[in-house]
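The values are calculated or read from the model by the stated rules, or taken from the named source; none is laboratory data. Keep in mind the model is a prediction, meaning the values are calculated, not measured. Here the Cβ positions follow ideal geometry from the backbone for every residue, glycine too, while neighbour counts run over all protein chains shown. Accessible surface areas use protein heavy atoms only, side chains included; no ligands, DNA or RNA. Shrake-Rupley method; radii C 1.70, N 1.55, O 1.52, S 1.80 Å.
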Amino acid sequence: MEIIMIVLAGILFGFAIYNILQKQLLRIIIGTALLSHAAHLFILTMGKLKRGASPVLTDGTENYTDPLPQALILTSIVISFGVTSLLLVLAYRTVKTNGTDNMEELRGNDHD
């Protein structure tokens with residue numbers, strides 16, 4: 001199971017880097033969101049996947065799941081949602097102001 005999660009995280013990292021290196025603002029934002037999701041999977045996998053065990057400690061419990069990776073991922077999901085929202089608003093404002101979402105045209109140099 002952990003091998004599948006690591007492969008999936010690697011695929012997400014690859015798609016994220018590919019989208020971040022594109023010229024359109026929306027693809028860059030999608031790449032940023034995919035990168036955060038890949039990091040979530042990576043953190044979850046590094047926290048060791050245990051199925052069937054409770055993350056809450058009670059007296060006499062010997063088999064439990066560490067709740068720290070899950071808490072970190074929940075915090076990271078909220079932060080990445082906020083960052084994605086901010087990037088979408090900035091991209092919308094940029095397109096409304098400049099009339100384009102192409103990074104080379106926004107740079108102001110002639111590359112044609």
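The calculated FRET efficiency for the pair Phe15 and Asp66, based on their C-beta separation and a Förster distance of 25 Å, comes to about 0.30.
Each label was represented as a point 7 Å from its Cα along the Cα-to-Cβ direction; for Leu26 and Val83 these points are 2.2 nm apart.
Where (1) 97; (2) 203; (3) 152 are the candidate values, the label of the one calculated here for volume of the Cα convex hull per residue in Å³ is (1). Computed with a 1.4 Å probe over protein heavy atoms only, the accessible area of Arg27 comes to about 90 Å².
For Asn98 and Met1, the difference between the fully extended length at 0.36 nm per residue and the C-alpha to C-alpha distance is 30.2 nm. For the chain, the solvent-accessible area with a 1.4 angstrom probe is 73 square angstrom per residue.
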